[in-house]
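Here the structure is laid out as structure tokens; the discussion comes afterwards.
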Amino acid sequence: MKRQSKRIPTLPTDRAAAEYWDTHSLAGHIEDTKEATIRFLKRPKRAISIRLAPEDVAKVEALAEAKGLSYTALLRMWIKERLAA
């Protein structure tokens, strides 16, 4: 016997959707889903070179490692934060 699927409701807000999915399982809606195609666009970056003291580089590398990041990712994050301020 085929299991009857329920139609996924269209909800007016993200909050309503969150409340719905907090109390419902996707298992009852699996036939109403389809595979999503997602493309992430990489924005081109421009390489630059800056000179830093070796001890400063070592400090940044240690901080980045503690956060699970590369030191270049941490430096980019800091620059973006500063520019947004």
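The values are calculated or read from the model by the stated rules, or taken from the named source; none is laboratory data. A quick note: this is a predicted structure, and the numbers were derived from the prediction, not measured. Quick reminder, even Gly has a Cβ in these numbers, built from the backbone with ideal geometry, and neighbours come from all protein chains shown.
Conditions first: (1) among the aliphatic types (A, V, I, L, M); (2) surrounded by 10 or more Cβ atoms within 10 Å (Cβ to Cβ); (3) assigned to a loop (DSSP other than H, G, I, E, B); (4) within 20 Å of the chain's Cα centre (by Cα). ILE38 passes all but one, so which condition is the exception?
(2)
Would you call LEU63 part of a loop (DSSP other than H, G, I, E, B) and among the aliphatic types (A, V, I, L, M)?
It is false that LEU63 is part of a loop (DSSP other than H, G, I, E, B) and among the aliphatic types (A, V, I, L, M).
Need pairs with beta-carbon distance below 9 Å; first residue on the phi < 0 side of the Ramachandran plot and within the stretch 32-45, second surrounded by 10 or more Cβ atoms within 10 Å (Cβ to Cβ) and outside any loop (DSSP other than H, G, I, E, B); sequence gap 6+ or separate chains.
Final answer for the pair search is THR33/LEU26; LYS45/ARG76.
Check LEU26, LEU75 and return the single one that is surrounded by 10 or more Cβ atoms within 10 Å (Cβ to Cβ) and under 19 Å from the mean Cα position of the chain (by Cα).
LEU75
Looking at ARG15, is it out of contact with any His (no Cβ under 8 Å at 6 or more places or on another chain), in a loop (DSSP other than H, G, I, E, B) and of a type in the set (Lys, Arg)?
It is false that ARG15 is out of contact with any His (no Cβ under 8 Å at 6 or more places or on another chain), in a loop (DSSP other than H, G, I, E, B) and of a type in the set (Lys, Arg).
Residues LEU69, LEU83, LEU74: which one is at pLDDT 95 or above and either touching a strand residue (DSSP E or B) at 6+ places or on another chain (Cβ under 7 Å) or in a loop (DSSP other than H, G, I, E, B) (or both)?
Criteria check complete, one pass: LEU69.
Picking from ILE8, ILE48, which residue would you name as being touching a residue at least 12 places away in the same chain (Cβ under 8 Å) and either part of a loop (DSSP other than H, G, I, E, B) or surrounded by fewer than 10 Cβ atoms within 10 Å (Cβ to Cβ) (or both)?
Unique residue meeting the criteria: ILE8.
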